[in-house]
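Enquirer: Sharing a structure here in structure tokens format.
The values are calculated or read from the model by the stated rules, or taken from the named source; none is laboratory data. Please read all numbers here as calculations on a predicted model, not as lab measurements. Every residue, glycine among them, receives a Cβ derived from its backbone with ideal geometry; neighbour counts consider all protein chains shown.
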Amino acid sequence: MKTDVIVVSSKGARMETALNQAEKVAAYKSLPPRDALHLRLLTEEMMGMMRSLTGETEGEFWIEDQEGEYRLHLKVHTRMDSGKREQLLSAASSRKNESAKGLMGRLRDFFDRGADEDISSFTSPLMLPGMFEESTTPTLDWEWSMVRYEDELSAKVRRDDSWAKEAWDELEKSVVAKVADDVKVSIRGREVEMTIVKKLTV
């Protein structure tokens, strides 16, 4: 099943519709209260990230499910370019964007920067070595996975890497990391898409 696609805005337009959609899916699938809460919570986290994007940005939100695996999609198709971003930030009193904190905050950077920038120039702690190898799928430029990130980070923690320990602590505090089974961020041409995967009761 795939729900209708809802166009949401970083200014808050139709976000309530997206949240209602998550509740309708839970009701239609007769999900138990805990699973229904998780579905809405993950939708709220997605909408929260959307709100924090720089400038007037729109994205498409929808939910798909198959055999108890639910996928929440957010595809941003209107992004900032470097010139527009600098213009907006120069108008702010702090002259800098809100720092990215937590897993969703750091993932927001990928959407905020857009697919038009060289991924190798990103300095986010999410950019561990080997995290963004060229995709084997012809339509994908690259894909990031929370599960792969956790595996890489865990290996560094075992090697007693102090920075990795700090990053691991941050990851453990993330609502999404606790609730979701995986989070994927991919670039297809000039579109950035996030998919949150959650396995729920069939």
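Enquirer: Let me spell it out: the conditions are (1) touching a Ser or Thr at 6+ places or on another chain (Cβ under 9 Å); (2) assigned to a helix (DSSP H, G or I); (3) at pLDDT 95 or above; (4) not small (Gly, Ala, Ser), and ILE63 meets all of them except one. Which number is the exception?
Expert: Failing condition for ILE63: (2).
Enquirer: A further question on this structure: Anything in region 171-183 that is at pLDDT below 90 and buried (at least 17 other Cβ atoms within 10 Å of the Cβ)? List them, or say none. Give the steps one after another, and end with the answer.
Expert: As a first pass, look at region 171-183 and keep what is at pLDDT below 90: 171-175.
Across region 171-183, the qualifying residues are LEU171, SER174.
Enquirer: Oh, and also: When you scan region 83-92, do you find a residue that is at pLDDT below 90 and either in contact with a strand residue (DSSP E or B) (Cβ under 7 Å, 6 or more places away or on another chain) or crowded, with 16+ Cβ neighbours inside 10 Å (or both), even just one?
Expert: Yes; the residues of region 83-92 include at least one that is at pLDDT below 90 and either in contact with a strand residue (DSSP E or B) (Cβ under 7 Å, 6 or more places away or on another chain) or crowded, with 16+ Cβ neighbours inside 10 Å (or both).
Enquirer: Within region 156-202, how many residues turn out to be touching a residue at least 12 places away in the same chain (Cβ under 8 Å), among the charged types (D, E, K, R) and assigned to a helix (DSSP H, G or I)?
Expert: 2
Enquirer: Looking only at region 39-52, how many residues end up being under 20 Å from GLN66 (Cα atoms) and surrounded by 21 or more Cβ atoms within 10 Å (Cβ to Cβ)?
Expert: Summing the residues that are under 20 Å from GLN66 (Cα atoms) and surrounded by 21 or more Cβ atoms within 10 Å (Cβ to Cβ) in region 39-52 gives 3.
Enquirer: If I ask for residues that are without any contact (Cβ under 8 Å) to a residue 60 or more places away in the chain and assigned to a loop (DSSP other than H, G, I, E, B), which ones from region 1-28 would you list?
Expert: Correct list: ASP4, VAL5, SER10, LYS11, GLY12, ALA13, ARG14.
Enquirer: Still on this structure: Would you confirm whether any residue within region 47-54 is outside any strand (DSSP E or B), of a type outside the set (Phe, Trp, Tyr) and either at positive phi or at pLDDT 95 or above (or both)?
Expert: no
Enquirer: Name the single residue, out of those in region 1-22 being closer than 17 Å to LYS199 by Cα and exposed (fewer than 15 other Cβ atoms within 10 Å of the Cβ), that is modelled with the highest pLDDT.
Expert: Within region 1-22, the match that is modelled with the highest pLDDT is LYS2.
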